[in-house]
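A.B. asks: Here's a structure for you.
The values are calculated or read from the model by the stated rules, or taken from the named source; none is laboratory data. Just so it is clear, the structure is predicted and the values come from calculations on it, not from any experiment. Every residue, glycine as well, gets a Cβ built from its backbone with ideal geometry; the counts of neighbours run over all protein chains shown.
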2 protein chains.
Amino acid sequence: MPSTTFFNLPPEKREKLLSAARAEFARVPYAEASINKMIQAADIPRGSFYMYFRDKKELFLYLMGEYGQRLIALMEKLLERRQGDIFAAFLDLFDRIQAEYRDPEKKERYQHIMGIVRNNSGVQLFSLLGMEDWLPIPGRLVEWVDPRLLDLRSADDLEKIFCILIDVTGQAVLRGIQAEDPAAVRSSYLRMLDILKRGMARKQPETQHE
Amino acid sequence: MPSTTFFNLPPEKREKLLSAARAEFARVPYAEASINKMIQAADIPRGSFYMYFRDKKELFLYLMGEYGQRLIALMEKLLERRQGDIFAAFLDLFDRIQAEYRDPEKKERYQHIMGIVRNNSGVQLFSLLGMEDWLPIPGRLVEWVDPRLLDLRSADDLEKIFCILIDVTGQAVLRGIQAEDPAAVRSSYLRMLDILKRGMARKQPETQHE
DNA sequence: ATGATAGCTGACAGGTTGTCATGTGTCAAT
DNA sequence: ATTGACACATGACAACCTGTCAGCTATCAT
């Protein structure tokens, strides 16, 4: 989405701008994030900025996309590690995001995302991603799911199950990040997963040794 | 949240401001909504605005709250009409909101909400409501649900089921409003409800005539 | 008629954004 | 070496925005 000129930039300069932008988006809600502050911090002239990005929104979406890619990759890894158990993988995802948010060490690179979530009442992230990036995702991730663990009754059941889990997990993450008592949110999320399993997991997997 | 002075205003003047605000929020994304435009349209002096609301955000949240109240009332009505069938009621809710958004006639009063949803990539509405208003809601609405229709295994099952349905329905509404093909979103939502019922609805309601 | 209290107001300082005319650097062809 | 063509860089600028504040007005009890 940024102009090609942006990608022709020396990587160092490019990263400097992105880094300043991340910091600024983490500092205040989207509406208050100032392009001025970003370009001052990155020492980029005003005009140049508009060579690279049409406006604040384009830059923001670019950063969101970055994070979206990362979440997909992470989810692939988690599904693989859990051998296709979709519920376990989603819980892992929830925990990872929560941990990332709490851990002051790990905030380095994706701190801005958490800042966004916090500052905007969790507003931007999941809705924006939800629209533009999530929807095609299940298609890519679905392959890592072990269908034998699920009670699939028609062709698109798996996709729908994925959507439901994304919706519920996404909201749970938001609650967790904003809650005063994250542990309560987690146990609440666990209970929800439990209820979802009742209708989604395959009953009595027959083969005990599995 | 607005100052008491605001409520001492002649109702006509008050409504004029709110109305202008609704229109402005419907016109552009939150970040671009201009207090200037609102007060010009409502013929309110600049200083006065800041007598009533601390800033744009307070006004916005007030309007969101208005809509939230309305949704709760609507949901109560739908649950009653459906005799406590929570799935039917949520589907009704989904359809009502979609219809309201599509119907140019009905846009009058709550059009701004739809504008907000559209303009902000569905960003503000459900997240904000989700945080501040939804959470206490299940407690109020839960009384209208007929527990005999559900497979409740522990004390907070009903509340959790409510939360799941809110999460899933909320996201479905967002998709529906932004989708090019709303019918596809609706049928997708139906399929999700169907899957959810598998784990939530009481099996074999015994009485066939029901 | 006086004072107290509440509410009203518009000019203003300080900030923001997106544009654009003019500048610079590079490279190919003469 | 000169020229033109091209992509890219730049900062001054107009137009807009917000939140404040010193001073204004209306109302009402005494």
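A.B. asks: Cβ contacts < 7 Å: first residue within 19 Å of B:Asp92 (Cβ to Cβ) and at the interface with chain A (Cβ under 7 Å from one of its Cβ atoms), restricted to region B:157-169; second residue of a type in the set (D, E, K, R) and part of a helix (DSSP H, G or I), any location; separation 6+ or different chain. Result?
C.D. replies: Taking only residues 6 or more apart or on different chains, the pairs are B:Asp167/A:Asp167; B:Val168/A:Asp167.
A.B. asks: Across region B:1-13, what is the total count of residues that are more than 15 Å from DNA strand D (Cβ to nearest atom) and farther than 16 Å from B:Gly65 by Cα?
C.D. replies: Total meeting the criteria: 3.
A.B. asks: Which ones in region A:170-198 are touching a Ser or Thr at 6+ places or on another chain (Cβ under 9 Å), more than 7 Å from every other protein chain (Cβ to nearest Cβ) and modelled with pLDDT of 90 or more?
C.D. replies: Passing the criteria: A:Tyr189, A:Leu193.
A.B. asks: Within the bounds of region A:70-90, is there any residue that is closer than 18 Å to A:Ile177 by Cα, assigned to a helix (DSSP H, G or I), modelled with pLDDT of 90 or more and not β-branched (Val, Ile, Thr)?
C.D. replies: Checked region A:70-90: at least one residue is closer than 18 Å to A:Ile177 by Cα, assigned to a helix (DSSP H, G or I), modelled with pLDDT of 90 or more and not β-branched (Val, Ile, Thr).
A.B. asks: Now for a separate question. Could you list, in sequence order, all residues of region B:145-169 that are within 18 Å of the chain's Cα centre (by Cα) and farther than 20 Å from A:Leu190 by Cα?
C.D. replies: Result: no residue meets the conditions.
A.B. asks: Here's a follow-up. Of all residues in region B:12-30, count the ones that are acidic (Asp, Glu) and either buried (at least 19 other Cβ atoms within 10 Å of the Cβ) or in contact (Cβ under 8 Å) with a residue 24 or more places away in the chain (or both).
C.D. replies: Residues that pass the stated criteria total 1.
A.B. asks: Under 7 Å between Cβ atoms, which residue pairs at least 6 apart in sequence (or on different chains) link something in region B:50-66 that is more than 15 Å from B:Ile39 (Cβ to Cβ) and aromatic (Phe, Trp, Tyr) with a partner that is more than 14 Å from DNA strand D (Cβ to nearest atom) and at pLDDT below 90?
C.D. replies: B:Tyr62/B:Met1
A.B. asks: Taking region B:46-76 as the search range and keeping residues that are within 14 Å of chain A (Cβ to nearest Cβ) and basic (Lys, Arg), which one is farthest from DNA strand C (Cβ to nearest atom)?
C.D. replies: Per the stated criteria, the residue is B:Lys57.
A.B. asks: Only one of A:Arg14, A:Arg22 is under 30 Å from A:Arg186 (Cβ atoms) and assigned to a helix (DSSP H, G or I); which?
C.D. replies: Only one candidate passes the filter, namely A:Arg22.
A.B. asks: Further question: Quick check: is even one residue across region A:60-69 in contact with an Asp or Glu (Cβ under 7 Å, 6 or more places away or on another chain) and modelled with pLDDT under 75?
C.D. replies: no
A.B. asks: In region A:51-69, which residues are crowded, with 17+ Cβ neighbours inside 10 Å and outside any helix (DSSP H, G or I)?
C.D. replies: Hit for region A:51-69 is A:Phe53, nothing else.
A.B. asks: Among the residues of region A:25-45, write down those that are more than 14 Å from chain B (Cβ to nearest Cβ), in a helix (DSSP H, G or I) and more than 9 Å from DNA strand C (Cβ to nearest atom).
C.D. replies: A:Ala26, A:Arg27, A:Ala41, A:Ala42
A.B. asks: How many residues are touching a Phe, Trp or Tyr at 6+ places or on another chain (Cβ under 9 Å), of a type in the set (A, V, I, L, M, F, W, C) and within 17 Å of B:Phe60 (Cβ to Cβ) when one looks only at region B:5-35?
C.D. replies: 8
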